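Taken together, the values in this text are just the output of simple stated rules run on the coordinates, not laboratory data. Computed from a prediction, not measured in an experiment: that's the story for all the values here. Cβ coordinates were reconstructed from backbone atoms using ideal geometry, including for glycine residues, and neighbour counts include every protein chain displayed.
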Amino acid sequence: MSTQVPIWKVSGDWFDVCKCSIPCPCIFAQTPTYGDCEGVLAYHINKGNYGETSLDGLNALFVGSFKGNIWAGETKATMAFFFDERANEKQRDALQMIFMGKAGGFISEFAKLVGENRGVNFAPIEFEVAGDLAYWRAEIPGKVVAKAEALSGPMTPPNKRVQLLNAPGSETGPGTVATWGRAVSDEVDAMGFKWDWKGRSSKHIPFDWSGP
């Protein structure tokens, strides 16, 4: 990989599904519901470039776990990284540089929360987000199924989303709008991680990052 980091920018959709009850306390920078967390982080780049290299339409998906309050510096996460197998060599380098925190920007700060790295893989990653945020989903066939539907309830106006502004523990950076969901599927069997936590917390947050 090149050590020279070009000017880059990526924007798109991020969501997670995790073990926490709704609402996941991590986004409030608190300790997870059950003291530890297991979850899937999924990213879709709507528009992006790393220097001359276009990253439009590519996906990334991370599987991870941690114990304690990760935002308070009590712990670090154990993670496995999956990147879009459709990416060519330059795109693969760029995705790793950006998402593993080696190219600056907000994600380089987020990457400091990772301790153990269980590996980097290239895989077929399916990603879909409804235009009205009614649902979002990502899948790596045979390894990961992550799907959520927007949270609603007796006091939620029809077709309105349950949202949170300026979350202190936003996974995509400051000043974001998080939309709450309920996990319909949260199944993982990959890289030594194995769980099925459907019915628990999910949230969608857009991302817009640049660097170095």
Within the chain, helix-based [θ] at 222 nm, where runs of 4 or more DSSP H residues each add -39,500 (n - 2.57), nearest 500: -2000 deg cm²/dmol
All aspartates and glutamates inside 13 Å of LYS19 as judged from Cα atoms, apart from same-chain residues fewer than 8 positions distant: ASP36, GLU38, ASP186, GLU187, ASP196
R0 of 30 Å, Cβ-Cβ distance TYR34-GLU109: FRET efficiency to nearest 0.05: 0.70
Positive-end extreme of charge dipole, the chain - chosen from LEU151, ASN121, GLY73 (charges on Cβ): GLY73
Among beta bridges that DSSP assigns inside the chain, antiparallel share in %, nearest 5: 90 percent
Label-point gap, in nm, between ALA72 and ASP208 - each point 7 angstrom along Cα→Cβ: 3.3 nm
For region 19-75: Kirkwood Rh in Å [reciprocal of mean 1/r, alpha carbons]: 13.2 Å
Dipole magnitude (debye, nearest 20) for region 125-212, charges at Cβ of Lys, Arg, Asp, Glu: 280 debye
Net lengthening on full extension, LYS47/THR156 (0.36 nm per residue, minus Cα-Cα): 36.1 nm
Orphan Cys of the chain, criterion: no other Cys C-beta under 4.7 Å: CYS18, CYS26, CYS37
Built amide H within the under 5 Å cut-off of LEU55, gap 5+: GLY48, ASN49, TYR50
Shape metrics for region 93-212, restricted to C-alpha atoms - Rg then Dmax, Å: 15.9, 47
Cα-centre dipole for region 13-206 with unit charges at Cβ (Lys and Arg positive, Asp and Glu negative), debye to 20: 360 debye
Set of lysines with alpha-carbon distance to LYS160 below 18 Å, sequence-local pairs under 8 removed: LYS203
Region 13-206: translational diffusion in µm²/s, Stokes-Einstein, Kirkwood Rh over Cα pairs, 37 °C, 0.692 mPa s: 196 µm²/s
Principal-axis tilt of helix 89-99 within the chain, Cα atoms, nearest 10 degrees: 50 degrees
Part-to-part distance (alpha-carbon centres) for region 164-212 and region 1-57, which is given in Å: 7 Å
